[in-house]
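See below for the structure under consideration.
The values are calculated or read from the model by the stated rules, or taken from the named source; none is laboratory data. All figures in this text were calculated on a predicted structure; none of them were measured in a lab. Cβ placement follows ideal geometry from the backbone for every residue including glycine, while neighbour counts extend to all protein chains displayed. Surface areas here come from the heavy atoms of the whole protein model, side chains and all, with no ligands, DNA or RNA. Shrake-Rupley method; radii C 1.70, N 1.55, O 1.52, S 1.80 Å.
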Amino acid sequence: SGKRTRIRTFEAFNRPQPEAAAAGEAVGFTLQEQIYVARGELAALSHERRPEISSRLRVSLFWLGRQPLVKKKDYLLKLGSARVTMRLEAVHRVIDASNLESSDQKDRVERHEVAECTLVCQRAIAFDLADAIAATSRFVIIDAFEISGGGIIREALSDRQEGVREKVLLREYKWEPSGIAPERRAARFA
């Protein structure tokens, strides 16, 4: 969402309120401003690199599904707590794990193959690239309620909504609260 805020407090279950939290701990936190945080959004420190956001992803994946990964079929992609419907857009290269033969002429990924592909998600998701933070670049693909594949995100590709997202992020970054009191605004507009 690009919204900025500060952490007011950390919350922990059945123990004293911590002053800080580290990776692997089960904690919650409250924010200074009341903002809506949607499922799958990532938080980052303001001085660190922002997570990537896109609906088109260049990935390296392995396929274990009984049915091949094919175009024009919907799959569920899970990355962290984000869940989004996705489709295979293109297969760039496939390696057969049993004999290590490589092909760039395939349009599907068969069982036990490793591939470099482009995936298109139904909506944009937040993630990091595998080179930056591996943990938030890993995903799994669900087909017919079974985990059928998984992989890492190599590159964020441009999509149709990229320009709109940039304008929204800029608006949120430079947001200025109104100087008009709520009572005065209510009196004017009834």
| task | Counting only heavy atoms of the protein chains, get the accessible area per residue of the chain (1.4 Å probe) and round it to a whole Å² value. | result | 71 Å²
| query | Gain in length, residue 187 to residue 36, computed as 0.36 nm per residue apart minus the alpha-carbon separation, to one decimal in nm? | reply | 51.5 nm
| query | If the viscosity is 0.890 mPa s and the temperature 25 °C, what Stokes-Einstein diffusion coefficient in µm²/s follows for the stretch 50-98 when Rh is the Kirkwood radius over Cα pairs? | reply | 191 µm²/s
| Residue-span extension gain [residue 12 to residue 85] - 0.36 nm each, minus C-alpha spacing | 23.0 nm
| When the accessible area of the chain is split by element with a 1.4 Å probe, what percent falls to carbon and sulfur? | 51 percent
| request: Note the angle between two axes, namely the Cα long axis of helix 162-173 and the longest principal axis of the Cα atoms of the chain, as a number of degrees from 0 to 90, rounded to the nearest 10. | output: 30 degrees
| query | So, by mean Cβ neighbours within 10 angstrom, what's the order for 156-165, 108-117 with the highest one leading? | reply | 108-117, 156-165
| Loop sites in the stretch 117-148: chymotrypsin sites (Phe, Trp or Tyr not before Pro), DSSP, at most 12 other Cβ within 10 Å | 145
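So for the stretch 32-110, averaging the separation of alpha carbon pairs under 8 Å that are six or more residues apart and normalising by length, what relative contact order in percent results?
Normalised by residue count, the contact order of the stretch 32-110 is 26 percent.
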| field | Extension reserve of the residue 46-residue 73 stretch, reckoned as 0.36 nm per residue once the Cα distance is removed | value | 5.9 nm
| Which Cα, out of 55, 85, 43, lies furthest along the positive dipole direction of the stretch 13-107 (beta carbon charges, K/R +1, D/E -1)? | 85
| request: Express the relative contact order of the stretch 3-58 as a whole percentage, based on alpha carbon pairs under 8 Å and six or more residues apart in sequence. | output: 31 percent
